[in-house]
Every structure is written in C-alpha cells, then in structure tokens.
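The structure appears right after this line, and notes come after that.
Just so it is clear, none of the values below were taken in a lab; they were calculated from the coordinates. Being a predicted model, the structure only gives us computed values, none of them experimental. Because the Cβ atoms are built from the backbone with ideal geometry, glycine has one as well, and the counts that use them run over all protein chains shown.
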Amino acid sequence: MKPYPKSRQTKKPPKDDAPPKVTVQADDIARALLAHFRAGPKGLGYSVPCAEVGLDSGRRVDLVFLRFSKAPVAFEIKVSRADWLSEIRDPTKHLDALNFAGQLYVAAPPGVVQEHELPDGVGLYEVAAFTGKAKCVVRADRHSPEPVNWHVASRLVAGALRAAERGIT
C-alpha cells in the first residue's frame, strides 16, 4: 500500500497534558510597557512611544518613551533567550543607547534575562506572556542624555510614526 503524499498527511495532535505554547511578540511587550508606564502614581503620565529609533552609531533602540519634563527612557526588547545571548556577546552594544536616553532597560518575558547578566546601569522589566503585565525587576541608573540635534529629532519623529503604524499608542 502506498503512503499518503506529504501534502495529505496531518501533524500529530498536541498532547492534552502539555501546556499551550505562548509566543510573545515584541509589539506585545511594547504595549504592555506603555500601559504600565502610563498607569499608577509613579507612571510616566503621558509619553510618546517611538519604535526602532536609529542612533548616530548606526545601531537602533527598540523602544523609546519621550516625556515632556524628563529625559527619555529607552528599552531593548528581547523575546527569546537566544536573542538575549546574541545581545550580550558585544558588551559595548548598549553604550550608545545609554548615552542617548536618561535610562536604559531590557524588557523580556520572565526567565529570558538573568539579573546577573545585565550590564552596569541597565535595568530589567519582565512582561508576563499570559497577562501582559510589566514588572520592574532591576531599576536602571539615571543618566544625563546627550542633547538632541535635528538629526536625532527626525529619527524620533519617524519612530513615533512607526509606533503608531504598529498600534503602540
């Protein structure tokens, strides 16, 4: 008897006792961070999210919150352990973002980033996959960012438009 062709074969059904696999997207983490920072007594209040903001060095920051009376807060979003491990192979990679913003955080699902792996001065936010709640695990040091020139301002505006297109508002 000939076997069914691959196009007609079905995948094995998942085991009933296995928990459902949840994948977290970077935009989900960004929305959770925005909701967290806008809420509560210590929240940022109104802030403008900017996605994928380019820096002078050619690198980019995944998310920046612009605030009206304080320095911006930058986030590097990591969705997997492999993504984080590739980030920490280059220890100088985060320095440009640290100079650009008043604070720099890494945002990831729980268990992706270990506290002892964080570079000096960088904080950590964990975002739960099922609930979408963000929680600060390690506070970032505050820095005085570099002044904003017209080139950086144009990149921030482009980042704000990208965030709006992706529904991070």
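Couple of notes before you dig in:
- Ordering of 28-35, 76-83 by packing [mean C-beta count within 10 Å, highest first]: 28-35, 76-83
- Note on region 49-169: the alpha carbon radius of gyration divided by the globular reference 2.2 N^0.38 Å gives 1.02.
- Debye-sum result for region 27-115 in log10 I(q)/I(0), which assumes one identical scatterer on each alpha carbon, at q = 0.17, 0.18, 0.22 Å⁻¹: -0.73, -0.82, -1.17
- Relative contact order for region 23-165, counting Cα pairs under 8 Å that sit 6 or more residues apart, in percent: 25
- Stretchable slack from Ala39 to Ala164, in nm (0.36 nm times residue separation minus alpha-carbon distance): 43.1 nm
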